[in-house]
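Student: For reference, the structure I am asking about is given below.
The values are calculated or read from the model by the stated rules, or taken from the named source; none is laboratory data. What you see is a predicted model; the values in this text were computed from it and never measured. In this analysis, Cβ positions are derived from the backbone assuming ideal geometry, glycine residues included, and neighbour counts consider all displayed protein chains. Quick note on the areas: whole protein, heavy atoms, side chains included, nothing else; ligands and nucleic acids left out. Shrake-Rupley method; radii C 1.70, N 1.55, O 1.52, S 1.80 Å.
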Amino acid sequence: MITDKKSVGNKGEDYASYVLEKEGCTVLCRNFKGKHGELDIIAEKGAYILFVEVKTRKEGGERPVFAVDEKKLSRIIETAREFLYEYRDNNYISALIPRFDVVEVWYSGEKISGYNHVEDIYR
C-alpha cells in the first residue's frame, strides 16, 4: 500500500506527466522551485504553457482539486510568474499563453485507479 506522502506525490506526478504526454502535451519541466513555492509540472500544448498542479488522493475520498484553494492558487500563480520572468528572453516560451490546470490522480492499494485533467482552473 502507498502510505508515505512523498512517494504518493511522486507516483501521482509521474502518472500525470504520462497522461499529459498522451494528451499531446510536451512536458518542459517538473518540480520548478521558486521563492513562492513549487510548480509540479510545466508543459506546453499548442499556444499554451500549462502550469499543472498534481493532487493525488486515495480512491473514495474528497476530490483532489478541492485542495487547490485560493491561497494555493495564488502561490502557483506567483511561482508561474517567476518561471516566466526567468525565461523572458526565450521567445518561444514568452509567446505562449499561460493556463493553470490540475490533474487529479486517485489510487487504490499500490495502483493508480483513475485520473481527471481539470483545465483552466483560474478563469
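Student: In the stretch 12-35, which residue that is under 23 Å from Arg75 (Cβ atoms) and among the basic types (Lys, Arg) is most open to solvent (accessible area, probe 1.4 Å)?
Tutor: Applying the filter and picking the extreme gives Lys35.
Student: Which residues, counting only those in the stretch 33-57, are hydrophobic (A, V, I, L, M, F, W, C) and in contact with a Pro (Cβ under 7 Å, 6 or more places away or on another chain)?
Tutor: Of everything in the stretch 33-57, those that are hydrophobic (A, V, I, L, M, F, W, C) and in contact with a Pro (Cβ under 7 Å, 6 or more places away or on another chain) turn out to be Ile49, Phe51.
Student: Here is a further query. Scan the stretch 86-113 for residues that are in a strand (DSSP E or B) and loosely packed, with under 12 Cβ neighbours inside 10 Å and report the count.
Tutor: The number of residues fulfilling the criteria is 2.
Student: Looking at the stretch 53-75, which of the residues that are in a strand (DSSP E or B) and touching a Lys or Arg at 6+ places or on another chain (Cβ under 9 Å) is surrounded by the fewest Cβ atoms within 10 Å (Cβ to Cβ)? Spell out how you get there, then give the answer.
Tutor: First pass over the stretch 53-75, keeping only residues in a strand (DSSP E or B): 53-58.
Restricting the remaining residues to those that are touching a Lys or Arg at 6+ places or on another chain (Cβ under 9 Å) gives 53, 55-57.
On the way: Glu53: 25, Lys55: 22, Thr56: 23, Arg57: 18.
The qualifying residue surrounded by the fewest Cβ atoms within 10 Å (Cβ to Cβ) is Arg57.
Student: Further question: Out of curiosity, is Leu20 within 21 Å of Leu96 (Cβ to Cβ), in a helix (DSSP H, G or I) and touching a Lys or Arg at 6+ places or on another chain (Cβ under 9 Å)?
Tutor: It is true that Leu20 is within 21 Å of Leu96 (Cβ to Cβ), in a helix (DSSP H, G or I) and touching a Lys or Arg at 6+ places or on another chain (Cβ under 9 Å).
Student: Something else about it: Exactly one condition in (1) open to solvent by less than 50 Å² (accessible area, probe 1.4 Å); (2) in a strand (DSSP E or B); (3) closer than 20 Å to Pro64 by Cα is not met by Gly9; state its number.
Tutor: The single condition Gly9 does not satisfy is (2).
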